[in-house]
Amino acid sequence: MGKGTIFLAAGGTGGHLFPAEALAHELNGRGWSTHLVTDARAARYAEHFPADELHVIEAATFGSKNPVALLKAGWTIWRGVTQASKLLQRLKPAAVIGFGGYPTLPPLYAATRRGVPALVHEQNAVMGRANKALATRVQAIAGGFLRAEGPFAEKIVEVGNPVRPAVIEAAATPYAPPRKGETIRLLVFGGSQGARYFSNTMPEIVAQMPEALRRRLAITHQARPEDEERVRRCYEELGVSAEVAPFFGDLPARMAAAHMVVSRAGASTVLELSVIGRPAVLVPLPHALDDDQGHNAKILVDAGGALMRRQQEIDVATLAGELAGLLENGERLAGMAAGAKSVGRIDATRLLADLVEAIASRTPVTRFKEGHGA
């Protein structure tokens, strides 16, 4: 007989689902039944999620100041809370774990109203709005890059960000910088919110690189469906070998094969760059309320594993020169790869599962932190 059921609440983007997926693998191996509670948008990411059941509930975000839109969002969230409450009553999970983003609000709020043990995991170096809203209600806050400081320090346990099995597998591939005359593999991706900028900018940057370098490039580029053909055609006109697609299901393997990565700086991206150990140029998503991606990127920059360039300050010709210089300097690329890997942490999944089991057994977080030296 299994230990019981754990609800994992995550959705919206792969950045929230991937750490939940890693935790699900670990909890399943420990004898727990895991259920994914998510929103309708997560279907394309959840295809291989190792949950015994998947439950879709309604969710919304307060993204508009329009009173009518706010009322609609509030009503949708309340319907989600009602749906989540019925799930909790029927399945009686031992704990509910949230991974940030607005789809976690209904199930976590419902859990805390019903006295079900709950915790949130914050992947970023600063706490997101959804987790802040839940912080006073949950028993514990698991920090990926988040430090145990500030008003919620007593609740925060620094566990790191869970790593999917595919990332652990990719991390076994050592970094080998390109040798003179060899193909240079460049990986470009921007996540669900960032692909358009790179689709508009990267072909321009590549166009300003020396022709001899362009002939050596093999680019893997994530682009939105509506941009895919345009980006592919741009690279063809430049004579550059490029694979362009809206989504790559094997992104960790492609990251391991890359000599250089150009991307946003979401928590899952920074995590995977650090565990696999690859040099990167990071362009944080601009206009974010708390600049979470800027804080994430700084972790790799401080370790010597990445360059950070702010989107609003990027000059195409300057960045083209910087990238060209990096791609032709194998020694520096290798040093950056080692720097990135120096901050990688692969025990986060185990530590988070330990914390989940403690919360499920109603062990106070202060006692857990004492036992784990946190």
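The values are calculated or read from the model by the stated rules, or taken from the named source; none is laboratory data. Not measured: the values here are computed from a predicted model. Here the Cβ is made from the backbone with ideal geometry for all residues, glycine too, and neighbour counts use every protein chain on show. When the accessible area is computed, the model is the full protein with side chains, heavy atoms only, and any ligands, DNA or RNA have been set aside. Shrake-Rupley method; radii C 1.70, N 1.55, O 1.52, S 1.80 Å.
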**Report entry** Members of segment 357-374 that are in a helix (DSSP H, G or I) and either free of Cβ contacts under 8 Å to residues at least 40 places away in the same chain or crowded, with 21+ Cβ neighbours inside 10 Å (or both)
**Finding:** ALA358, ILE359, ALA360, VAL365, ARG367, GLU370, GLY371
**Report entry** Candidates GLY266, GLY277 - the one that is touching a residue at least 24 places away in the same chain (Cβ under 8 Å) and on the phi < 0 side of the Ramachandran plot
**Finding:** GLY266
Query raised in the report: under 20 Å from LEU105 (Cβ atoms) and in contact with a His (Cβ under 8 Å, 6 or more places away or on another chain) - does that describe any residue in segment 144-156?
Result: yes
**Report entry** Selection count where residues are open to solvent by less than 70 Å² (accessible area, probe 1.4 Å) and over 21 Å from LEU251 (Cα atoms), scope segment 179-199
**Finding:** 2
Report summary line: Taking segment 322-356 and keeping residues open to solvent by 40 Å² or more (accessible area, probe 1.4 Å) and in contact with a strand residue (DSSP E or B) (Cβ under 8 Å, 6 or more places away or on another chain) leaves GLU322
Requested in this report: Scan segment 241-276 residue by residue and report those that are part of a loop (DSSP other than H, G, I, E, B), closer than 14 Å to THR173 by Cβ and open to solvent by 20 Å² or more (accessible area, probe 1.4 Å).
Outcome: ASP250
Report summary line: Inside segment 216-240, the number of residues satisfying the requirement of being open to solvent by 30 Å² or more (accessible area, probe 1.4 Å) and either part of a helix (DSSP H, G or I) or β-branched (Val, Ile, Thr) (or both) is 9
Query raised in the report: Based on what the data block shows, is ARG147 open to solvent by 50 Å² or more (accessible area, probe 1.4 Å), at pLDDT 95 or above and not β-branched (Val, Ile, Thr)?
Result: no
Query - The one condition in (1) under 24 Å from GLN222 (Cα atoms); (2) of a type in the set (A, V, I, L, M, F, W, C); (3) more than 17 Å from the chain's Cα centre (by Cα); (4) buried (at least 24 other Cβ atoms within 10 Å of the Cβ) that ALA118 fails to fulfil - result: (1)
Query raised in the report: Does GLN89 fit the bill of being surrounded by fewer than 16 Cβ atoms within 10 Å (Cβ to Cβ) and either of a type in the set (S, T, N, Q) or in contact with a Lys or Arg (Cβ under 8 Å, 6 or more places away or on another chain) (or both)?
Result: yes
Query raised in the report: What number of residues in segment 286-315 are touching a residue at least 40 places away in the same chain (Cβ under 8 Å), in a loop (DSSP other than H, G, I, E, B) and open to solvent by 70 Å² or more (accessible area, probe 1.4 Å)?
Result: 1
Requested in this report: Could you tell me whether GLN208 is more than 15 Å from ILE276 (Cβ to Cβ), under 25 Å from the mean Cα position of the chain (by Cα) and polar (S, T, N, Q)?
Outcome: no
Report summary line: Given the conditions (1) open to solvent by less than 50 Å² (accessible area, probe 1.4 Å); (2) farther than 27 Å from VAL316 by Cβ, every one holds for ALA176 apart from (1)
Query raised in the report: In the set THR76, THR112, THR136, THR104, which member is hydroxyl-bearing (Ser, Thr, Tyr) and open to solvent by less than 10 Å² (accessible area, probe 1.4 Å)?
Result: THR104
Report summary line: In the set ILE314, ILE299, the lone residue that is more than 18 Å from the chain's Cα centre (by Cα) and among the β-branched types (Val, Ile, Thr) is ILE314
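Here is a check on your reading of the model: is MET209 touching a Cys at 6+ places or on another chain (Cβ under 9 Å) and surrounded by 15 or more Cβ atoms within 10 Å (Cβ to Cβ)?
Here the answer is no, as MET209 does not meet what is asked.
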